[in-house]
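Laboratory data are not the source of any read-out in this text; all were calculated from the coordinates shown. Please read all numbers here as calculations on a predicted model, not as lab measurements. In this analysis, Cβ positions are derived from the backbone assuming ideal geometry, glycine residues included, and neighbour counts consider all displayed protein chains.
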Amino acid sequence: MATTQEPGPPTRSETPQSSPHPMITYIGCAQCGTEIAGLDGRYSCSGCGWVNEWSDGHRPLPEAPPHSG
């Protein structure tokens, strides 16, 4: 009897960089080890409060529209 294994989260090399939409990425929390999901390599752990530096993301953040007022 063969067993099947669910595919794991994509690795950085498998994550397409040309998508206009944010990609959901996964990592083990650097502080407590909990598996967490983030957008384009930006993470925040709800278990311990760890957050990675915003510049660690896989691509630049989009610019905000000009403020009118």
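Scan segment 36-52 for residues that are aromatic (Phe, Trp, Tyr) and within 17 Å of MET23 (Cα to Cα) and jot them down.
Scanning segment 36-52 gives a single hit, TYR43.
Looking only at segment 38-69, count every residue that is surrounded by 10 or more Cβ atoms within 10 Å (Cβ to Cβ) and in a loop (DSSP other than H, G, I, E, B) and tell me the total.
Final tally of qualifying residues: 13.
Quick check on segment 21-37: of everything there that is in a loop (DSSP other than H, G, I, E, B) and at negative phi, which residue is nearest to the chain's Cα centre (by Cα)?
MET23
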